[in-house]
Amino acid sequence: DTAVSQTPKYLVTQMGNDKSIKCEQNLGHDTMYWYKQDSKKFLKIMFSYNNKELIINETVPNRFSPKSPDKAHLNLHINSLELGDSAVYFCASSQPGHRGYTFGSGTRLTVV
Amino acid sequence: GESVGLHLPTLSVQEGDNSIINCAYSNSASDYFIWYKQESGKGPQFIIDIRSNMDKRQGQRVTVLLNKTVKHLSLQIAATQPGDSAVYFCAENNRGGGKLIFGQGTELSVKP
């Protein structure tokens with residue numbers, strides 16, 4: 001069983017489109033995250049949700065909107081996609097009192 | 001701003017040799033550090049962690065050293081194997097920040 005699963009694994013889309021990435025964790029963790037990894041492999045946090053409540057919202061364009069229907073799911077919707085949005089997006093989760101994260105395998109988004 | 005950086009972006013070692021990957025951090029308030037391994041096409045995977053009240057921690061073939069005086073972290077891998085080839089990240093966290101901040105990453109290549 002995959003602990004943190006993301007879909008899709010690959011996403012190729014045209015500029016201006018709207019797309020969503022889904023994430024689910026079966027670890028019973030309360031907190032979930034979205035990270036963006038650029039072409040230089042740098043990982044930067046975008047959002048964090050704790051039990052469906054947004055707790056971290058880094059400086060991210062408001063075209064990016066996370067949604068957490070329950071504490072096991074955190075989806076990322078992106079409007080009006082731009083070339084610069086091309087990256088690998090990672091979902092992660094953590095449990096209370098433990099500050100290490102468990103990551104999903106990533107979604108490679110390519111905007112053409 | 002806060003940052004965690006690595007001294008070398010790439011490291012090439014011979015199979016069987018020991019590897020040392022270095023990391024510098026800038027936030028004195030960071031009290032928890034983690035090393036992650038990211039293989040191609042996968043998400044970051046937890047290797048080992050260390051709290052700021054320690055200066056050394058050992059795992060299976062890996063050792064993390066923490067020097068708070070100079071804000072330096074290192075990961076030592078003993079008897080490096082081809083399966084150790086990956087990008088290695090250090091990450092820092094502090095109780096007030098609530099988020100894991102990643103360094104740039106070092107790509108380790110193991111030559112047979």
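The values are calculated or read from the model by the stated rules, or taken from the named source; none is laboratory data. What you see is a predicted model, and the numbers here were worked out from it, not measured in a lab. Every residue, glycine among them, receives a Cβ derived from its backbone with ideal geometry; neighbour counts consider all protein chains shown. What goes into the accessible areas is simple: the full protein's heavy atoms, side chains included, and nothing from ligands, DNA or RNA. Shrake-Rupley method; radii C 1.70, N 1.55, O 1.52, S 1.80 Å.
Each residue of the range A:16-23 in turn: what ³J(HN,Hα) in whole Hz from Karplus with 6.51, -1.76, 1.60 and θ = phi - 60°, glycine and Pro shown as x?
x, 6, 10, 9, 10, 10, 10, 9
How far apart, in nm, are the 7 Å Cα→Cβ label points at A:Thr110 and B:Ser28?
4.8
Compute the accessible area per residue over chain B, keeping the other protein chains in place, probe 1.4 Å, unit Å².
Result: 48 Å² of accessible area for each residue.
Considering amide H positions built from the backbone, and no H for Pro or chain starts, which residues 5 or more places from B:Gly59, or on another chain, come under 5 Å of its amide H?
Close amide H contacts, sequence-distant or interchain: B:Val64.
Quick one: compute the contact order of the range A:31-94, relative version, from alpha carbon pairs under 8 angstrom and 6+ residues apart, as a percent.
39
For chain A, what number results from the quotient of the Cα radius of gyration and 2.2 N^0.38 Å?
Compactness ratio reported: 1.00.
Length gain on complete extension for the stretch B:Thr69 to B:Gln81, per 0.36 nm per residue less the alpha carbon to alpha carbon distance?
1.1 nm
Rounded to the nearest 5, what is the percent of antiparallel bridges among the DSSP beta bridges in the range B:4-111?
Percentage antiparallel, nearest 5: 90.
Roughly speaking, what is the stretch gain from A:Lys41 to A:Thr2, that is 0.36 nm per residue apart minus the C-alpha to C-alpha distance, in nm to one decimal?
Result: 11.7 nm gained on full extension.
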